[in-house]
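The values are calculated or read from the model by the stated rules, or taken from the named source; none is laboratory data. All values derive from a computational prediction rather than experimental measurement. Here Cβ is always computed from backbone atoms with ideal geometry, including for glycine, and neighbour counts include all displayed protein chains. Accessible surface areas use protein heavy atoms only, side chains included; no ligands, DNA or RNA. Shrake-Rupley method; radii C 1.70, N 1.55, O 1.52, S 1.80 Å.
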Amino acid sequence: MLYREAGDFKTSYRDDNQTFPIKFDRVGFWVILAVAWLVIPFVINDYWASSLMVPFLIYAIAAIGLNILTGYCGQVSLGTGGFMAVGAYACYKLMTGFPDVSILIHILLAGGITAVVGAAFGLPSLRIKGFYLAVATLAAQFFLVWLFNKVAWFYNYSASGQINAPERLVAGVAVTGPNTPAWAQYLVCLFFVTLCALIARNLTRGSTGRKWMAIRDMDIAAEIIGVNPLRAKLTAFAVSSFFVGVSGALFFAVYLGAVEVGEVFGIQKSFLVLFMIIIGGLGSIFGSFAGAAFLVIMPVALKWLGVDILGWPTDLVAHLQLVIVGALIMFFLIREPHGLAAIWRYIKEKLRLWPFPY
């Protein structure tokens, strides 16, 4: 078997503490990254970009953000859709107000604005937690959707109430607007996914991540040993909201091009991202990618199998999708709370000890 630690020697603490300590994992990671950057852009088409790759990358960023808050810091949030809307509308106002600035900077600034808003709505976490915090973030979700619907300044007083992304170029190639090629959409989203994943991985493995996990495990004990709960919780809300805001800006500007806040960023979006981290695995960056991939691929696969192959009605397939998601959530919450990430770790442990698995 190839998956072995034998002969993979470490000569320093840094080598032993790297993200992928096993050589097979490191090689696999670089191969996946090379394929993502150097192969897929040359073979992707409009269908694969719009139905699978671009939504997967955008939802992966949102899932990473929510996983930092809920999985690593233990703060339940049901306002992900509202914070995605903040990122989308912030990006729209920046695009229309500063047309000469790069769209990449606009997306980052939209994430920064969302981080400030998220930290403000995270203030109740200093006094409440659990179910009450979930209700508070749910109130933030409804308030933000109401705000963007009622205040006409956010959509530049458009009669329809809809925001539309103007065309913007990066290196002479359109990345927003109707003339955007599929590979450009994909590369922009891939750039931000790579950036956000690296930032999240380093934060969660450092002192900041350890403080978040101490608050998650027992906040009173964490405060006794010197962790500042105010700083830890607010930084978790800010970092989480930054990632969610970036995903909302990409969802609006690069993927859809035009959105109406109530239809696109409603409560269903918040639950969808929450289901991603439950199925993928709480407290795991890999789980965020796994959950996003599963919930993006499953509707496409069910449509292909149920409608195209078996000839089932479309509404039946849509209801079947809800049944499957609900059953999986119950299964993972009861049998495997750490989701697909824990199953993957279990499989790797078996492979490492083969032919004598425990």
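Values computed for the structure shown
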| item | result |
| --- | --- |
| Check on S207, more than 27 Å from G326 (Cβ to Cβ) and hydroxyl-bearing (S, T, Y) | yes |
| Helices (runs of 4 or more DSSP H) completely within the stretch 270-358 that count 2 or more residues being in contact (Cβ under 8 Å) with a residue 60 or more places away in the chain and closer than 30 Å to R26 by Cβ | 285-302, 339-353 |
| A115 being part of a helix (DSSP H, G or I), on the phi < 0 side of the Ramachandran plot, open to solvent by less than 10 Å² (accessible area, probe 1.4 Å) and at pLDDT 95 or above | no |
| Residue identified as within 25 Å of the chain's Cα centre (by Cα) and either open to solvent by less than 30 Å² (accessible area, probe 1.4 Å) or of a type outside the set (D, E, K, R) (or both) among G161, G226, G177, G172 | G177 |
| Qualifying positions in the stretch 180-223 - β-branched (V, I, T) and surrounded by 13 or more Cβ atoms within 10 Å (Cβ to Cβ) | T180, V188, V193, T194, I199, T204, T208, I215 |
| Selection count, the stretch 229-257, where residues are surrounded by fewer than 14 Cβ atoms within 10 Å (Cβ to Cβ) and either closer than 13 Å to T114 by Cα or in contact with a strand residue (DSSP E or B) (Cβ under 7 Å, 6 or more places away or on another chain) (or both) | 0 |
| Any helices (runs of 4 or more DSSP H) falling wholly within the stretch 20-106 and containing at least 1 residues that are crowded, with 24+ Cβ neighbours inside 10 Å and in contact with a helix residue (DSSP H, G or I) (Cβ under 7 Å, 6 or more places away or on another chain) | 54-66, 80-97 |
| Selection count, the stretch 334-348, where residues are aliphatic (A, V, I, L, M) and open to solvent by 100 Å² or more (accessible area, probe 1.4 Å) | 1 |
| Pick from the stretch 140-158, criterion out of contact with any strand residue (DSSP E or B) (no Cβ under 9 Å at 6 or more places or on another chain) and without any contact (Cβ under 8 Å) to a residue 40 or more places away in the chain, ranking: most open to solvent (accessible area, probe 1.4 Å) | Y157 |
| Long-range neighbours under 8 Å by Cβ, at least six apart or interchain, first residue modelled with pLDDT under 90 within the stretch 161-175, second open to solvent by 40 Å² or more (accessible area, probe 1.4 Å) | G161/N149; G161/E260 |
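To keep it simple, each residue is scored yes or no on (1) modelled with pLDDT under 90; (2) of a type outside the set (S, T, Y); (3) more than 22 Å from E263 (Cβ to Cβ).
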| residue | (1), (2), (3) |
| --- | --- |
| I32 | no, yes, yes |
| S51 | no, no, no |
| Y59 | no, no, no |
| T70 | no, no, yes |
| S77 | no, no, no |
| Y89 | no, no, no |
| M95 | no, yes, no |
